[in-house]
Each structure stands twice: as structure tokens, then as C-alpha cells.
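Report on the following structure.
Just so you know, all these numbers are worked out from the coordinates, no wet-lab data involved. Small disclaimer: the values here were computed from a predicted structure and weren't measured. As a convention, Cβ positions derive from the backbone with ideal geometry for all residues, glycine included, and neighbour counts pool all protein chains shown.
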Amino acid sequence: MDRIFGRRTAAVPSLTFSFQHLPGVTVIALAGEVDVTNAHLVDDYISRRRRHHGEHLVLDMS
């Protein structure tokens, strides 16, 4: 993973993930196409990046 301007990124084929922890919320940005073949990667990434179960989560898919 690369650390860029306080954000960490990880790349997988056709998807790029980045996240940022803010007070009370984790923001995860996704770039690329999400479909049935890679949806499990999104689920895995979200599970690994959240600090606490139940905290707020923002998915930026813009």
C-alpha cells in the first residue's frame, strides 16, 4: 500500500481503493467498475479498513 497525503491506497485489477479515518467515520473511495466478479474484494476491503463495528461508513464511488 502506498501512503499519499494521509491516505492509503491499494490497487487490484480494475479497482482502486483508498481510505481515510476521520473522527467517528471511515471514508472509503472506490475507483473503477464494481460487479459480481469483484464485489467480494470491496466487501473484504471495507471489513479490513473499518476501525470499529458500528462506526459510520461513507463510500465515495464518484
*Arranged from highest to lowest average of other beta-carbon atoms within 10 Å per residue, in what order do the peptides 54-60, 14-20 appear?*
14-20, 54-60
*Determine the gain in length on full extension of the stretch Asn38-Met61; use 0.36 nm per residue of separation and subtract their C-alpha separation, reporting nm with one decimal.*
6.8 nm
*Considering Cα pairs under 8 angstrom that are at least six residues apart, work out the relative contact order of segment 11-62 and quote it in whole percent.*
42
